[in-house]
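The values are calculated or read from the model by the stated rules, or taken from the named source; none is laboratory data. In this text the structure is predicted, and so the values were computed from the model without any measurement. FYI the Cβ positions are ideal-geometry reconstructions off the backbone, even for glycines, and counts take in every protein chain you see. When the accessible area is computed, the model is the full protein with side chains, heavy atoms only, and any ligands, DNA or RNA have been set aside. Shrake-Rupley method; radii C 1.70, N 1.55, O 1.52, S 1.80 Å.
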Amino acid sequence: MAPPNNRKLLIVGAGASGLPSLRHALLYGVDVVCFELTNQVGGLWNYKPQETDLSSVMKTTVINTSKEMTAYSDFPPEGTMANFMHNTEMYRYLQNYSDHYELDKHIKFNHKVNSIDRNEDYDKTGKWKVNYTDDKGVTHVTVFDGVLLCSGHHTTPNWPTKFRGQDEFKGRIIHSHSYKDHRGYEDKTVVVVGIGNSGGDVAVELSRIAKQVYLVTRRGTWVFNRIFDYGKPIDMVMNRKFLSDLRSIVPAWLSNTVVEAKLNMRFDHKAYGLKPAHRVFGAHPTVNDELPNRIACGTVRIKPNIANFTEYGIVFQDGSKIEHVDEVTVFVVMSTGFSFEFGLVEKGELIKVNNNHVSLYQYMFPTDLSDHNSLAIIGLVQPFGSIMPLSEMQARVYMEQFTGNNVVPSKREMIDNVHDKLEKMARRYVKSNRHTIQVDYVDYIEELAKLIGAQLDMKQLWKEDPWLAYKVYFGPRVPYIYRLNGPHKWKEARNAILSVDERVLMATNDHSQVEPDYSVLYIVGILLVALILLYILF
């Protein structure tokens, strides 16, 4: 724990991004308080059965990133926790994290932030004036030296432009933001619009109890299974430093072809009506274990975009129709993503968002406020992998800057970084509002780690601890790696890294012993280790 720091920091939100931000603020000795709108931590992982403006998972939601890749850097999950946790178990992990580090002591629940404005002396001090309502309904104004916005980007439903005839449609239309569970959809005809993760989950769940589910997609998608070969979690296989380095030197078409071939071995995307025109790394992937099975069973049918609504039915662009039969009401669930805005900050005029495009250095610091960098956004990224370790690393970057270590570059460099990322995204991804904050997990967390000196000197590590070096380079890029070095090193980091396989195995068979991995990746890794050691020693 660092010596006390008298600078006052406000964290808005006690969800999956706010909690690690609070944890690291305390490590830095900052005078910090967190305002949470509800009466509990957890954010969207705190399931809310009633419809509200607040984001919430569905009752049956299971995380699509594995527990080890989702954990915070100094809080490994329990071995008996599922590798892909149900939302109740995910919530318990967050609550345990808060309890373990006594974060609740610094959280003011049922506190609503009404507005955030630059203080009168902002040009000189970088301070912010915050108007908020406390848990007794009393409004206050307090000045803070810094503000972290950790309220997430799944708050404002994105509705598509209305289809022809939609206003005259007599069925029911909701956004997936409002979908909680299957009740009320029994024996109904359901149209799910959008094949992202939410759309796939809703379609699969309702296919068990609805009369028929139609899944509408304009472009198709590549579908990943949570489980890879030999039962390994997919994100633990894909997010490895050596694979990241390999992808940086091989042509993009080759990386895409290899992964697409692997996905088509599971099921032929063209035969199932899902094959998109874009390459697999050209869009955010859909993770769904059951969708191809439901399509094969006929309980989910893939359809092109909607052409128009009729009074009681729907016409698709291929000419097929859903007509009103047997008095069965057609239900439509728009799983069309979310948009984000920053209306709290000077009524949205300071951090301007246009079709989910916003000028933020490292998706954190508004470039128009680069004179002080005392306000930042945490968790506004969309990786193939978990957001939580990235949010934590963003918080560490902010704390370094906030406590005077000046890790953020000049305004010109910040703007250049933003433009560079936008150009790379435009070249790689399908044009879409969902691809404005896309990042590659390993590359992005490495960028942030370098800013604060948490990256590893691999050559030195190979000399001093070859087994650990092997694990961190050829193994999954688990968050604990970034507590071996840099500010606030964690003494248990090495053990947490080396025991990853044991905790993964315990989730499915707590009576088994971790056995040597003789997969192709392991054999290739051993050969490369030998070559590296020969290079270092001779």
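Going by the structure shown, is residue 21 open to solvent by less than 10 Å² (accessible area, probe 1.4 Å), closer than 25 Å to residue 141 by Cα, in contact (Cβ under 8 Å) with a residue 12 or more places away in the chain and under 16 Å from the mean Cα position of the chain (by Cα)? When the stated conditions are applied, residue 21 passes them. Whenever a residue of region 181-202 is under 23 Å from residue 160 (Cα atoms) and in contact (Cβ under 8 Å) with a residue 12 or more places away in the chain, its partners that are open to solvent by less than 10 Å² (accessible area, probe 1.4 Å) and among the aromatic types (Phe, Trp, Tyr), lying with C-beta atoms within less than 7 angstrom and at least six residues away or across chains, give the pairs 202/179. If you go through region 224-238 and keep only what is touching a Ser or Thr at 6+ places or on another chain (Cβ under 9 Å) and within 21 Å of residue 439 (Cβ to Cβ), you end up with 224, 226, 233, 234, 235, 236.
Looking for something over 30 Å from residue 212 (Cα atoms) and either of a type in the set (Gly, Ala, Ser) or surrounded by fewer than 18 Cβ atoms within 10 Å (Cβ to Cβ) (or both) - is there at least one such residue anywhere in region 301-308? Within region 301-308, not a single residue is over 30 Å from residue 212 (Cα atoms) and either of a type in the set (Gly, Ala, Ser) or surrounded by fewer than 18 Cβ atoms within 10 Å (Cβ to Cβ) (or both). Residue 287 falls short of the stated requirement of being over 16 Å from residue 211 (Cα atoms), open to solvent by less than 40 Å² (accessible area, probe 1.4 Å), without any contact (Cβ under 8 Å) to a residue 24 or more places away in the chain and of a type outside the set (Asp, Glu). Checking region 257-264 against the condition returns no match, with no residue being of a type in the set (Lys, Arg), touching a helix residue (DSSP H, G or I) at 6+ places or on another chain (Cβ under 6 Å), part of a helix (DSSP H, G or I) and not assigned by the TED database to the domain that holds residue 445.
Per this entry, residue 322 is not counted among residues that are closer than 22 Å to residue 431 by Cβ and more than 28 Å from the chain's Cα centre (by Cα). Is there a residue in region 42-52 that is touching a residue at least 60 places away in the same chain (Cβ under 8 Å) and in contact with a strand residue (DSSP E or B) (Cβ under 8 Å, 6 or more places away or on another chain)? Taking every residue of region 42-52 in turn, none turns out to be touching a residue at least 60 places away in the same chain (Cβ under 8 Å) and in contact with a strand residue (DSSP E or B) (Cβ under 8 Å, 6 or more places away or on another chain). Before we move on, is residue 298 at pLDDT 95 or above, open to solvent by 30 Å² or more (accessible area, probe 1.4 Å) and not acidic (Asp, Glu)? So residue 298 does not fit the description; no.
So that you can scan it fast, the table gives a plain yes or no per residue for (1) crowded, with 24+ Cβ neighbours inside 10 Å; (2) at pLDDT 95 or above; (3) part of a strand (DSSP E or B):
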position: 347; (1), (2), (3): no, no, no
position: 351; (1), (2), (3): no, no, no
position: 368; (1), (2), (3): no, no, no
position: 372; (1), (2), (3): no, no, no
position: 385; (1), (2), (3): yes, no, no
position: 389; (1), (2), (3): yes, yes, no
position: 394; (1), (2), (3): yes, yes, no
position: 400; (1), (2), (3): no, yes, no
position: 405; (1), (2), (3): no, no, no
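When every residue of region 153-162 is checked against the conditions, at least one turns out to be of a type outside the set (A, V, I, L, M, F, W, C) and over 27 Å from the mean Cα position of the chain (by Cα).
Within region 147-157, being part of a strand (DSSP E or B) and farther than 30 Å from residue 305 by Cβ holds for 147, 148, 149.
Yes/no matrix, rows are residues, columns are (1) among the basic types (Lys, Arg); (2) farther than 30 Å from residue 426 by Cα; (3) in contact (Cβ under 8 Å) with a residue 40 or more places away in the chain:
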| site | (1), (2), (3) |
| --- | --- |
| 263 | no, no, yes |
| 268 | no, no, no |
| 271 | no, no, no |
| 296 | no, yes, no |
| 307 | no, no, yes |
| 314 | no, yes, yes |
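All conditions in (1) open to solvent by less than 10 Å² (accessible area, probe 1.4 Å); (2) over 27 Å from residue 478 (Cα atoms); (3) among the acidic types (Asp, Glu) hold for residue 268, with the sole exception of (1). Contact map, region 244-257: residues that are free of Cβ contacts under 8 Å to residues at least 60 places away in the same chain paired with residues that are of a type in the set (Gly, Ala, Ser), Cβ distance under 8 Å, separation 6+ or inter-chain. Pairs shown: 247/255; 256/282. Selection of first residues in region 163-176 that are farther than 22 Å from residue 196 by Cβ and of second residues that are in a loop (DSSP other than H, G, I, E, B) and among the hydrophobic types (A, V, I, L, M, F, W, C), restricted to Cβ pairs under 9 Å at least 6 apart or on distinct chains, gives the following pairs, ordered by first then second residue: 169/163.
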